[in-house]
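Rule-based calculations on the coordinates, nothing more; no lab input. Computed from a predicted model, the values in this text were never measured in an experiment. Reconstructed Cβ throughout: ideal geometry from the backbone, glycine too, with neighbour counts over all protein chains shown.
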Amino acid sequence: MKVAFTRQRLATRVGQLGRAISKDYAGRTVDVVVVLENSFLFAADLVREISRPVLCHFVRSEIRDVRLAGHDCREIFFSEAPALRGRDVLVVDAVLNTGVTQDFLLKRLEEGRPRTLRLAVLFDKPASRKVNLKAEYTGFAAASKDWVGYGLSDEAGLYRNLPYVASEGFRTSSRTRRSGGRRKASKG
């Protein structure tokens, strides 16, 4: 595993984002909508850096493959959106990749008529974008790599607890996984 973003580098950048958000929302309460699960650590650190009153809301997305009228389609479902009419809303997500999921969520939240609606992401991968969407607050522009740590997991849901972000260019052999990561001592 190769560390790409150290704990200190993440803390420094999240602090900078928190100060920028605090300045932009001067004199107002910020309704933070956290997209679970990848962004929970980033969001927790970010809201602690915002020096304005903060209300937290949590939404979870689910992407399902469905068949409609003989065609395979992918649909995005979200848990119930909070009531945000007239509020200053900041959506927080870990990675802005294709943008399809965030764009869908932002449009859904706009239907509730917030006063302002902005997006903050830890990582932006603009080369992968499929919709015209740009975050107002971005931690890092990143290449199209698979990251783990700081809330991001691998396909099995592991490594969210790492205090840094690393590239996932590693695999353990099935023998190592079965033996709990310990190598057997060779005989002779």
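For region 2-178, averaging the sequence separation of C-alpha pairs within contact (under 8 Å, six or more residues apart) and dividing by the residue count gives a relative contact order of 23 percent. Given their separation in residues at 0.36 nm each and the Cα-Cα distance between them, Leu158 and Thr116 gain 11.6 nm when the chain is fully extended.
As a calculated quantity, the FRET efficiency between Ala81 and Lys2 at R0 = 45 Å, using C-beta atoms, amounts to about 0.75. Counting only Cα atoms, the size of region 79-154 along its three principal axes is 37, 25, 20 Å, in decreasing order.
Charge dipole of region 2-178 (Cα centre as origin; +1 on each Lys and Arg Cβ, -1 on each Asp and Glu Cβ, all else neutral): 420 debye, rounded to the nearest 20.
Dividing the radius of gyration of the alpha carbons in region 2-178 by their Kirkwood radius gives 0.99 for Rg/Rh.
Of interest is the spacing of the C-alpha centroids, which for region 23-63 and region 99-152 amounts to 13 Å.
Beyond 27 Å between alpha-carbons counts as too far, so tell me which of Lys23/Lys130; Lys2/Lys23; Lys2/Lys125 fall in that bin. Mind dumping the intermediate values first?
On the way: Lys23/Lys130 31 Å; Lys2/Lys23 35 Å; Lys2/Lys125 19 Å.
With Cα atoms farther than 27 Å apart: Lys23/Lys130; Lys2/Lys23.
Taking Cβ atoms as reference points and 15 Å as the exclusive limit, the residues near Ala127 contribute a net charge of +3, counting Lys and Arg as +1 and Asp and Glu as -1.
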